[in-house]
Amino acid sequence: MSDLKTKICILCMATLLLVATGCVQPDDTSISEQENQTVEEEQTGLTSQEEYTVSQVNAAIDLIGEMGELAFPELRESNSEWFHDDFYIFVWKTDGMRVVYPPDLSGEGQDMSELVDFNDKSIGQIYIDIALSEEGEGWVDYYWPKPGETEPLMKHTFIKRASIGNETYLVGSGFYVDE
């Protein structure tokens, strides 16, 4: 037992020495936050950003289920739970017609089935394929600029099918990955 204590003590002292000399820099996240994040990821398999995105997409689908297309103006409302900073919920019909796109309302009513990212990845068709798949949901990674910017960043987007009345939609949202 004392051999284990000695090893732990040596490891702690070595770590402190490395931090003190600048060889290792502690990150900004506290150890308890890291442990909580790791526990959450182990339980759900999702990061906190992914969990938030999935929960917001599911909540938007519930809202659309309750209100139908009358929910769309609420999804477009700036500084709301649906659209704030660089987060927003978007809605397409599964034929590729974009019906809700808060960052640029002029983009609504356009066929997005041929949409490609910065690297010519066919994300429009991928969104549709995910929504029409057996699972009806999934994640897509691609390069896209933040609203109002031109330089593309990696974006991680969750897509989920929503059948409301006679219409089938795909509802999605994503977040930019810090590289």
Seminar exercise, completed: A careful count of residues in region 104-140 that are surrounded by fewer than 17 Cβ atoms within 10 Å (Cβ to Cβ), assigned to a loop (DSSP other than H, G, I, E, B) and touching a strand residue (DSSP E or B) at 6+ places or on another chain (Cβ under 6 Å) gives 5
Problem set entry | Residues located in region 40-89, provided they are among the charged types (D, E, K, R) and part of a helix (DSSP H, G or I) | Glu40, Glu41, Glu42, Glu50, Glu51, Asp62, Glu66, Glu69, Glu74, Arg76
For this session: With the condition kept exactly as written, say whether any residue in region 156-163 is open to solvent by 50 Å² or more (accessible area, probe 1.4 Å), basic (Lys, Arg) and touching a Gly at 6+ places or on another chain (Cβ under 6 Å).
Result: yes
Problem set entry | Test for Gly148: is it open to solvent by 60 Å² or more (accessible area, probe 1.4 Å) and at positive phi | yes
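The values are calculated or read from the model by the stated rules, or taken from the named source; none is laboratory data. No experiment lies behind these values; they were computed from the predicted model shown. Quick reminder, even Gly has a Cβ in these numbers, built from the backbone with ideal geometry, and neighbours come from all protein chains shown. When the accessible area is computed, the model is the full protein with side chains, heavy atoms only, and any ligands, DNA or RNA have been set aside. Shrake-Rupley method; radii C 1.70, N 1.55, O 1.52, S 1.80 Å.
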